[in-house]
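The values are calculated or read from the model by the stated rules, or taken from the named source; none is laboratory data. Since this is a predicted model, take the numbers as computed values, not measurements. Backbone-built Cβ (ideal geometry, glycine too); neighbour counts: all protein chains shown.
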Amino acid sequence: MDLDLSDDQIALRDGIASMLAARVPMERVRAGFDRVLFDELAEAGVFSLRTDGFSWADCVVVFEQLGRYCVPGPLVSSLLLGDGRIAGIGSDGPPIWIEHLDDLDVLFVFRRSGMEAVDPRVIVAERSPWPLDPCTPVARVEQLPAGVPAEVDHGIWELAGTALTAAFQLGLADRLTELAVAYAKERVQFNRPIGGFQAIKHMLADMLTRTEVARAAVYSAGAVLDERSDPNTRHRLVCGAKVVAGDAAIANGKAATQVFGGMGFTWEVDVHLYLKRAWVLETHFESSDRNAELVCATAGDPRIWGDS
């Protein structure tokens, strides 16, 4: 398994990063997701990567950059299920929380009988006035209406969604490290930059280490999805990547907040948006604890994942 980016992947990474830097500044992130942003991302090919012939490893590279810029919206589900639409996901069981309900074209719901596509316009919901992540609005639903059966390969969809979410978390962790290092070089205490103090050096070194470990895990997850490996290996690497990247994003968010000191807790500093997004993504495609259990399970019965 080669985890070094190819020349084409480097070009893809740099191209998407350049586009995001120009079109998605933090002012726009704070404004939240909208149809115009979706159309711009779609025009750049973000949601058609697979149909355009890109590998899962390529998709991971793109979603890492989306995380670095903290791009809001139901990005993973729109790529995997949207087919040109803004797509969301939900599960059938009260109470139900749905993200970006007002922006969705279609909501895919997991039921015991299979997956259904539901028209979000007929959903009665109560919008939360104070979502955890201000860029991720949520609505509470007591019961979802019946939808149309959707043909979706649940096994592949779940694995790919987990890997792409982990890639986004990696991007969050990477950017948080970058923000903390830049501030530590600028902020002066006792006539010297705070980055010169040993305690700060250790924090920044830990942030970088967590990020690089997460990068190796996430790139491995992307690569294994493109290979014909056994089900245990695929699930172990993908679930493990979600654990490592999720923990790195949250830990780096807390560390960056501490590096910024009193400023780190203010609305004006971008760090809190990254940390809040990391907390929200912790709930997507199972928590770190649940994914860690799944990783451990692969060391037991080799048939645990069947032939999916």
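Being under 16 Å from the mean Cα position of the chain (by Cα) and at pLDDT 90 or above is true for just one of A199, A241. Which residue is that?
On the way: A199 fails: under 16 Å from the mean Cα position of the chain (by Cα).
Sole residue among the options that is under 16 Å from the mean Cα position of the chain (by Cα) and at pLDDT 90 or above: A241.
Could you please let me know if E40 is among the charged types (D, E, K, R) and either closer than 18 Å to A221 by Cβ or under 15 Å from the mean Cα position of the chain (by Cα) (or both)? Please lay out each step first, then the result.
Values: among the charged types (D, E, K, R): yes; either closer than 18 Å to A221 by Cβ or under 15 Å from the mean Cα position of the chain (by Cα) (or both): no.
No: the conditions fail for E40.
Please verify whether L176 is surrounded by 15 or more Cβ atoms within 10 Å (Cβ to Cβ), closer than 15 Å to A251 by Cβ, without any contact (Cβ under 8 Å) to a residue 40 or more places away in the chain and under 27 Å from the mean Cα position of the chain (by Cα), treating the condition exactly as stated.
Working: surrounded by 15 or more Cβ atoms within 10 Å (Cβ to Cβ): yes; closer than 15 Å to A251 by Cβ: yes; without any contact (Cβ under 8 Å) to a residue 40 or more places away in the chain: no; under 27 Å from the mean Cα position of the chain (by Cα): yes.
No: the conditions fail for L176.
Scan region 244-280 residue by residue and report those that are of a type in the set (A, V, I, L, M) and under 13 Å from the mean Cα position of the chain (by Cα). Write out each step before concluding.
Filtering region 244-280 for residues of a type in the set (A, V, I, L, M) gives 244-245, 248-251, 255-256, 259, 263, 269, 271, 273, 275, 278, 280.
Hits for region 244-280 are V244, A245, A248, A249, I250, L275, A278, V280.
Please find, within region 202-230, the residue that is nearest to the chain's Cα centre (by Cα) out of those that are part of a helix (DSSP H, G or I) and without any contact (Cβ under 8 Å) to a residue 24 or more places away in the chain. If you could, list the steps in order and put the result at the bottom.
Applying the first criterion (part of a helix (DSSP H, G or I)) to region 202-230 yields 202-225.
With without any contact (Cβ under 8 Å) to a residue 24 or more places away in the chain added as a condition, the list becomes 202, 205, 209, 212.
Working: H202: 27, A205: 23, T209: 19, E212: 17 Å.
In this case the residue turns out to be E212.
Just the residues that are at pLDDT 90 or above and more than 18 Å from A31 (Cβ to Cβ), please, taken from region 133-143.
Residues satisfying the conditions are A139, R140, V141.
Of the residues V218, V224, V238, which is farther than 22 Å from A17 by Cα, surrounded by 24 or more Cβ atoms within 10 Å (Cβ to Cβ) and not assigned by TED's automatic domain parsing to the domain that holds V61? Before you say what the answer is, go through the steps one by one.
On the way: V218 fails: farther than 22 Å from A17 by Cα; V224 fails: surrounded by 24 or more Cβ atoms within 10 Å (Cβ to Cβ).
Only one candidate qualifies: V238.
Could you identify the single residue in L132, L144, L107 that is within 29 Å of Y69 (Cβ to Cβ), part of a loop (DSSP other than H, G, I, E, B) and touching a strand residue (DSSP E or B) at 6+ places or on another chain (Cβ under 9 Å)?
Values: L144 fails: within 29 Å of Y69 (Cβ to Cβ); L107 fails: part of a loop (DSSP other than H, G, I, E, B).
From the options L132, L144, L107, the qualifying one is L132.
What pairs can you find where one residue is in region 133-145 and touching a residue at least 24 places away in the same chain (Cβ under 8 Å), the other is polar (S, T, N, Q), and their Cβ atoms are less than 6 Å apart, with a gap of 6+ or different chains?
V138/S128
Among the residues of region 172-193, is there at least one that is out of contact with any helix residue (DSSP H, G or I) (no Cβ under 9 Å at 6 or more places or on another chain), small (G, A, S), in the same structural domain as A292 (by TED's automatic domain parsing) and assigned to a helix (DSSP H, G or I)?
yes
From the list D153, D105, D92, D119, which residue is crowded, with 17+ Cβ neighbours inside 10 Å, free of Cβ contacts under 8 Å to residues at least 60 places away in the same chain and more than 20 Å from the chain's Cα centre (by Cα)?
Details: D153 fails: crowded, with 17+ Cβ neighbours inside 10 Å; D92 fails: crowded, with 17+ Cβ neighbours inside 10 Å; D119 fails: crowded, with 17+ Cβ neighbours inside 10 Å.
Answer to the selection: D105.
Return yes when A184 is within 30 Å of A245 (Cα to Cα), crowded, with 20+ Cβ neighbours inside 10 Å and of a type in the set (G, A, S) and no when it is not.
Values: within 30 Å of A245 (Cα to Cα): yes; crowded, with 20+ Cβ neighbours inside 10 Å: yes; of a type in the set (G, A, S): yes.
So A184 fits the description; yes.
Quick one: is R50 not in a loop (DSSP other than H, G, I, E, B) and not assigned by TED's automatic domain parsing to the domain that holds L179?
It is false that R50 is not in a loop (DSSP other than H, G, I, E, B) and not assigned by TED's automatic domain parsing to the domain that holds L179.
Looking at region 75-86, which of the residues that are crowded, with 24+ Cβ neighbours inside 10 Å and touching a strand residue (DSSP E or B) at 6+ places or on another chain (Cβ under 7 Å) is nearest to E286 (Cα to Cα)?
S77
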